[in-house]
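> Encoded as structure tokens, here's the structure I'll be asking about.
No lab work stands behind these numbers, since they all come straight from the coordinates. Small disclaimer: the values here were computed from a predicted structure and weren't measured. When we count neighbours, we look across all protein chains shown, and the Cβ atoms used for this are built from the backbone with ideal geometry, even at glycine.
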Amino acid sequence: MVSDSPRRDPLAPINEAPEHVRRIIQEVLKLERDRLYQQRPHIIDDITRMVKDAVGEDSTL
Amino acid sequence: MKLQSIQLKNFRQFYGETAVLRLSTSSRNHNVVVFHGSNGSGKTALLNAFTWALYEAFTRGFQYPDQLINKRALRLAQPGEVVDAWVEVRFEHEDRHYVLRRAIEAERRPGEPEWTRLGDARASLQWCGADGKWNSQDRVGDAIGRILPADLHSYFFFDGERIERIVQASKDEQVALGEATKRLLGLEVLVRGETHLNRVRKDLEKELQGIGDPETKRLLEEKQSLEEEKEQLATRVEEIAQNIEADEARRREIDDRLRRLDEVRSIQERRDQLQREQDGRRALLTQTRTELASLVSTKGFSLFLNPAIERFRSVIESLRERGELPAGIKRQFVDDLLDSGSCICDRDLAPGYAPRQAVEAWKAKAGLGDVEEKAIRMGGEIAAIEQVIPDTLSGIDRLQRRKSTAREELARIEQELDDIKEKLENSPQEEISGLEIQRSKIREAIAQSNREHGEVSRRIRDLDEKIAELEKKRAQHQGRERRQRIAQARVDAAMNARDRIREVRELLEKEFRKKLVERVARIFSRISVTPYVPELTDEWGLRLLESAGGEPLPVAASQGESQILSLSFIASIIEQAREMQSKRAHLPGPDSAVYPMVMDSPFGSLDPVYRHQVAEHVPQLADQVLLFLTQTQWRGEVEQSLSGRVAHSYVLTYFTPRDDIQPEHIEIDGESFALVKRSPNEFEYTEICEVHYG
């Protein structure tokens, strides 16, 4: 019998993300959840702001 | 969603306003609400009062859905008077109390013989949160859909005699079921997050383009043009899929018509069976190919190791022949003796002495101690590999045999299907030959669409590769200016976040499917007496497999088994939602994991064994169970299993204007209730009374 590949924790991609990416994901998912009641939420500007805040002008690059 | 109460006014059989029928259940041990009624008393109308109020939808088999207002109310009203009918459902969801009312009005205008419906049905929804304030909710449909998705409602509010529909769902119903289930479990948030981050990524790329160097600009432009091409192709793929679905629906319609024609019914039924077998064999072939590929990729290497194993053995053998193995003494031991300057026999091992030279000579031999250790370890590994070789060979053999058997059977099935097609096309009856020729054309169109689907999908995959390649190049092309680097980092972050959300979604979907299948199998085996095992296909088709005497093959499930399988599926979704909610508080999950199951005649077509089994398990399947039953369905096994778990019980008394109908009664908790009574007037109607347990 061939064994399955080891199971990966579904949340690992978020937990293992760099700090600023994890922050974006958490903020985006929270906003999406809050706006789930809307068929077409207008949240592109909010998400853009979240990304820009997470990678600010003063970021050390 | 936990139902609290329902009240009706002038809805179908129910004249005037009914009392508020309490539905709330306090514990998992008393979570059943039963409505007793004879045939025609309004049980199905009551079930449809829920679906109409919540979704403006009706169950299959609910006749004349345009005639919702009670006939007596309409006839007794004066010309010019407006008559209304409404259903009010109160429920709780996630610490909020909701009051939903859907209403409809009609008027007989003076001088007009017919009733005129006044506009569409109107729904209002109010909710009260923890602060005790009531709020009015607009977009009622959307709000209800978020609590229990509309496309899943028929799995929670259903006609028990038709519930096997889940098992016999069409392809598009299966897809809808899959999507709705994922939405119910909260994966919609991830889908939206992924889509919106992708749009943000595109916007940020445009910003970068505005400040980037010429090479970055060029790469981005090229990428955008490929993405546009990909979007067009994706639209085309959707169109093709819709065409296929429409053609399939037409094909099914023709099959239905052929099934209704006495002359060819048996042939069409044989074809139905062959097609099911064909699906089963195809699925088996795909599964076998996957297993074979997996076996070859994980164990196939062992088959090429024989020469290396032989070589290893001969090296070890020659060492043994030369007496160099086993080494018998360790180098470390010899070194320690030499360091201490004294042998174990107390001889002096000072430099220059003969005993020291003799001990030093052992060092060369002792060096083989490492070889020996490795030889022992490798020997063990080789023995394990040798064990794998016959298993791998027999596994490959078994899978190849399975593949060729499935292919032979497929060829036989296809031949028989061709024969049927030819026979029907050449039928002397024009209707039959006409239908079959039309069917063949549709099948050809489907085949062509499938080919195009494959080709366009391949082009999309090619584009994906090219886009990924360009993305890599762009990432390598380091921006020099700070502003450009920041813009670049934002694009990267948005893309990274999008990809991770996608990965989480895919992992969750995979885990969720796996668990769902396990749950369905567990619940099904608890209720069913058959050895069949449920399977969920990639397309969300639910079917039963049996593996007696060899490979698992789909079985033609009876109506009873299909109903049990469907019930198991619904119960599994509820269980899964409950688990996801408890474990994933920090991830978007279902809002609430409490759902009702509202079933009309769930035991109608079951034999006594299954009736008992289902009745025993029904209260555990959902948090709240509403049952609509006739006296025959209640008596015996069901009554014994459920009577201790009933929270509320109602009797629907049907008033008939006919004189020749015998009154009917039902005894509940030692008290007699009328099921059918003579109407005091010319109208038929139904009244509902609550049973108060002593």
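> Taking the Cβ-Cβ separation of B:Ala57 and B:Phe301 as r and a Förster radius of 45 Å, what is the calculated FRET efficiency to the nearest 0.05?
Given R0 = 45 Å and the Cβ-Cβ separation, E is 0.20.
> Let me ask something else. Could you give the size of the charge dipole of the range B:403-455 about its Cα centre, using +1 on the Cβ of each K and R and -1 on the Cβ of each D and E, expressed in debye and rounded to the nearest 20? It would help to have the intermediate numbers written out before the result.
Details: 9 positive and 14 negative charges, 42 e Å.
The calculation lands at about 200 debye.
> I need the phi-derived Karplus couplings for the range A:30-36: 6.51 cos²θ - 1.76 cosθ + 1.60, θ = phi - 60°, integer Hz, Gly and Pro marked x.
5, 4, 4, 5, 4, 9, 4
> Considering only DSSP beta bridges where both residues belong to chain B, give the percentage that are antiparallel (nearest 5).
Working: 56 of 78 bridges.
About 70 percent, rounded to the nearest 5.
> Here's something else I'd like to know. Please give the calculated 222 nm ellipticity per residue for chain B, where each DSSP H segment of at least 4 residues contributes -39500 (n - 2.57) and the sum is spread over every residue; nearest 500 deg cm²/dmol?
Computed mean residue ellipticity for chain B: -19500 deg cm²/dmol.
> Can you give the FRET efficiency to the nearest 0.05 for B:Ser26 and B:Glu546, using r as the Cβ-Cβ distance and R₀ = 35 Å?
0.25
> Please compute the modelled spin-label separation between B:Ser672 and B:Asp84, points set 7 Å along Cα→Cβ, answer in nm with one decimal.
About 4.1 nm separates the two model spin labels.
> Determine the gain in length on full extension of the stretch B:Glu253-B:Ala556; use 0.36 nm per residue of separation and subtract their C-alpha separation, reporting nm with one decimal.
Going from the current span to full extension adds 107.0 nm.
> Let me ask something additional. So which GluC sites (Glu not before Pro) in the range B:483-582 pass both tests, a DSSP loop state and at most 15 other Cβ atoms within 10 Å of the Cβ? Intermediate results must be reported in sequence, preceding the final value.
On the way: sites: B:Glu503, B:Glu506, B:Glu509, B:Glu511, B:Glu518, B:Glu535, B:Glu539, B:Glu546, B:Glu561, B:Glu575, B:Glu579; in loops: B:Glu539.
Passing sites in the range B:483-582 are B:Glu539.
> Could you calculate the FRET efficiency of B:Gln415 with A:Ile44 from 1/(1 + (r/R0)^6), where r is the beta carbon distance between them and R0 is 60 Å, rounded to 0.05? It would help to have the intermediate numbers written out before the result.
Working: r = 57 Å, r/R0 = 0.95.
After rounding, the FRET efficiency stands at 0.60.
> Do the alpha carbons of any pairs in A:Lys52/B:Lys223; B:Lys9/B:Lys71; B:Lys466/B:Lys510; B:Lys2/B:Lys43; B:Lys330/B:Lys363; B:Lys202/B:Lys472 sit beyond 18 Å of each other, and which pairs?
A:Lys52/B:Lys223; B:Lys466/B:Lys510; B:Lys2/B:Lys43
> Something else now. Can you classify the range B:240-394 as rounded, prolate or oblate using the Cα gyration tensor, where a ≥ b ≥ c are the square roots of its eigenvalues, rounded means a/c under 1.5, and otherwise it's prolate if a/b beats b/c and oblate if not? Please list the in-between numbers first.
On the way: a/c = 7.58, a/b = 5.33, b/c = 1.42.
Prolate.
> Towards the positive end of the charge dipole of the protein assembly as shown, with charges on Cβ (+1 Lys, Arg; -1 Asp, Glu), say which of B:Val691, B:Ser340, B:Asn39 has the farthest Cα.
Comparing the listed Cα positions along the dipole, B:Ser340 ranks first.
> If you don't mind, another one. So what's the net charge close to B:Lys677: Lys and Arg +1, Asp and Glu -1, counting the other residues with Cβ under 15 Å from its Cβ? Write down the numbers at each step before the final one.
Numbers: positive: B:Arg658, B:Arg678; negative: B:Asp659, B:Asp660, B:Glu664, B:Glu682, B:Glu684, B:Glu687.
My count for the surroundings of B:Lys677 gives -4.
> Any idea what Rg and Dmax come out to for chain B if you just take the C-alpha atoms, in Å?
Values for chain B (Cα only, Rg and Dmax): 36.3, 139 Å.
> Moving to a separate point now. Rounded to two decimals, what is the ratio between the C-alpha radius of gyration of the range B:427-568 and 2.2 N^0.38 Å?
1.76
> Are there trypsin sites (Lys or Arg not before Pro) in the range B:596-694 that DSSP puts in a loop and that have at most 11 other Cβ atoms within 10 Å, and which ones?
Working: sites: B:Arg611, B:Arg635, B:Arg645, B:Arg658, B:Lys677, B:Arg678; in loops: B:Arg635, B:Arg658.
For trypsin sites (Lys or Arg not before Pro) across the range B:596-694 that sit outside H, G, I, E and B with at most 11 neighbouring Cβ atoms in 10 Å, the list reads B:Arg658.
> Please report the base-10 log of the normalised intensity I(q)/I(0) for chain A, using a Debye sum with one equal scatterer per alpha carbon and no solvent, at each q in 0.15, 0.18, 0.24 (1/Å).
At q = 0.15, 0.18, 0.24 Å⁻¹ the computed log10 ratios are -0.61, -0.76, -1.02.
> Counting other Cβ atoms within 10 Å, keep those with at most 11, restrict to DSSP loop, and tell me which GluC sites (Glu not before Pro) in the range B:111-220 are left. It would help to have the intermediate numbers written out before the result.
On the way: sites: B:Glu114, B:Glu161, B:Glu164, B:Glu173, B:Glu179, B:Glu188, B:Glu194, B:Glu205, B:Glu207, B:Glu215; in loops: B:Glu114.
For GluC sites (Glu not before Pro) across the range B:111-220 that sit outside H, G, I, E and B with at most 11 neighbouring Cβ atoms in 10 Å, the list reads B:Glu114.
> Here is a further query. Could you tell me the center-to-center distance, by alpha carbons, between the range B:236-252 and the range B:404-439 in angstrom?
Each part's Cα centre sits 22 Å from the other's.
> Mind checking the log10 I(q)/I(0) for the protein assembly as shown at q = 0.09 Å⁻¹? Debye, one equal scatterer per Cα, no solvent, two decimals.
For the protein assembly as shown at q = 0.09 Å⁻¹, log10 I(q)/I(0) is -1.08.
> What is the range B:296-454's relative contact order, in percent, from Cα pairs under 8 angstrom and six or more apart in sequence?
Result for the range B:296-454 is 21 percent.
> Okay, next question. Between the range A:41-56 and the range B:495-547, what's the alpha-carbon centroid distance in Å?
Between the Cα centres of the range A:41-56 and the range B:495-547 lies a distance of 35 Å.
> Which whole-number percent gives the relative contact order of chain B, counting Cα pairs below 8 Å spaced six or more residues apart?
On the way: 971 pairs, mean separation 165.5, N = 694.
About 24 percent, as a whole number.
> Taking K and R as +1 and D and E as -1, what net charge do the other residues with C-beta under 12 Å from the C-beta of B:Phe35 add up to? Can you show the working numbers first?
Values: positive: B:Lys43; negative: B:Asp600, B:Glu690.
Around B:Phe35, the surrounding residues sum to -1.
> What whole-number distance in Å separates the alpha-carbon centres of the range B:660-682 and the range B:335-354?
113 Å
> Test of understanding: what is the full-extension gain from B:Glu430 to B:Asp607, defined as 0.36 nm times their sequence separation minus their Cα-Cα distance?
59.5 nm
> May I ask which residue of B:Ile523, B:Leu197, B:Val676 lies farthest towards the positive end of the charge dipole of chain B, with charges of +1 (Lys, Arg) and -1 (Asp, Glu) on Cβ and the Cα centre as origin?
So the residue we want is B:Leu197.
> Taking the Cα centre of the range B:225-291 as the origin, how large is its charge dipole in debye, to the nearest 20, when only Lys and Arg (+1) and Asp and Glu (-1) carry charge on their Cβ atoms? Walk me through the numbers on the way to the answer.
On the way: 15 positive and 19 negative charges, 119 e Å.
Dipole magnitude for the range B:225-291 comes out near 580 debye.
> Can you give me the span-like helices of chain B, meaning DSSP H runs with 24 Å or more of Cα extent along the axis and Kyte-Doolittle mean at or above 0.5?
Values: long enough: B:188-211 (35 Å, -0.76); B:214-260 (69 Å, -1.58); B:265-299 (50 Å, -1.28); B:368-425 (82 Å, -0.66); B:430-476 (69 Å, -1.21); B:482-527 (66 Å, -0.80); B:559-583 (36 Å, -0.14).
Counting only whole DSSP H runs, no helix qualifies.
> At 7 Å along the Cα-to-beta-carbon direction for both B:Val371 and B:Glu105, put a label point, then send me their distance in nm to one decimal.
10.4 nm
> Would you please give the residues with an amide H less than 5 Å from that of B:Tyr595, counting only those at least 5 places away or on a separate chain, with H modeled from the backbone geometry?
It is B:Asp623, B:Gln624, by chain and number.
> Something else now. Treat each spin label as a single point 7 Å out from the Cα along the C-beta direction, and report the A:Arg8 to B:Glu511 distance in nm.
1.2 nm
> Which one, B:Leu208, B:Gly636, B:Gln287, projects farthest toward the positive side of the charge dipole computed for the protein assembly as shown from Cβ point charges (K/R +1, D/E -1)?
B:Leu208
> Next question, about the same structure. At 0.36 nm per residue, and after removing the present C-alpha to C-alpha distance, how many nm does the segment from B:Asp213 to B:His477 gain when stretched out fully?
94.1 nm
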